[in-house]
Amino acid sequence: NLSAKYNVISVNAMAEAEKMGNTRVFNTIILGLTATKMEFAKEAWVETIKNIVPPKTVELNLKAFELGFAMNA
């Protein structure tokens, strides 16, 4: 059992991405979740997303990131 040794967080990111209407944001949801365990400021992640994803997908990716980030709250 992994949860006996590790802090395991179980989420259905694909289902959440489907609810958002685009399964491509699966990775951004997972990124948001894992970002809560890293030593980078949330704002740095947000700026990186804004600079890397295609301009027409920025809003959707930011929503996906925020969703993933909130999953660990």
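Along segment 15-30 the Karplus relation, 6.51 cos²θ - 1.76 cosθ + 1.60 evaluated at θ = phi - 60°, assigns HN-Hα couplings of 4, 5, 5, 4, 4, 7, x, 7, 5, 5, 7, 3, 4, 6, 5, 4 Hz to successive residues, with x for each Gly and Pro. The residues neighbouring Thr57, those whose beta-carbon lies less than 15 Å from its own, together hold a net charge of +2 under the Lys/Arg +1, Asp/Glu -1 convention.
Defining a contact as two alpha carbons under 8 Å apart and six or more residues distant in sequence, what relative contact order in percent does the chain show?
Details: 63 pairs, mean separation 29.0, N = 73.
About 40 percent, as a whole number.
Straight-line reach from Lys42: which lysines fall under 25 Å, measuring Cα to Cα and dropping same-chain residues less than 8 apart? In chain and number order, the partners are Lys19, Lys50, Lys56, Lys63.
Send over a whole-number figure in Å² for the accessible area per residue of the chain, probe 1.4 Å.
71 Å²
Relative to the dominant Cα principal axis of the chain, helix 58-70 is inclined by about 20°.
Between Asn7 and Ile52, what FRET efficiency follows from the Cβ-Cβ distance if R0 is 35 Å, with the result rounded to 0.05?
Given R0 = 35 Å and the Cβ-Cβ separation, E is 0.80.
Compared with the dominant Cα axis of the chain, that is its longest principal axis, helix 42-52 is turned about 50°.
How many percent of the accessible area of the chain is carbon or sulfur, using a 1.4 Å probe? Provide the component values of the computation, followed by the final result.
Details: 2880 of 5200 Å².
That fraction is 55 percent.
The values are calculated or read from the model by the stated rules, or taken from the named source; none is laboratory data. What you are looking at is a predicted structure, and each value in this text was computed from that prediction instead of being measured. Ideal geometry is used to build each Cβ from the backbone, glycine not excepted, and the neighbour counts take in all protein chains shown. Heads up: the accessible areas ignore ligands, DNA and RNA and are worked out on the full protein's heavy atoms, side chains in. Shrake-Rupley method; radii C 1.70, N 1.55, O 1.52, S 1.80 Å.
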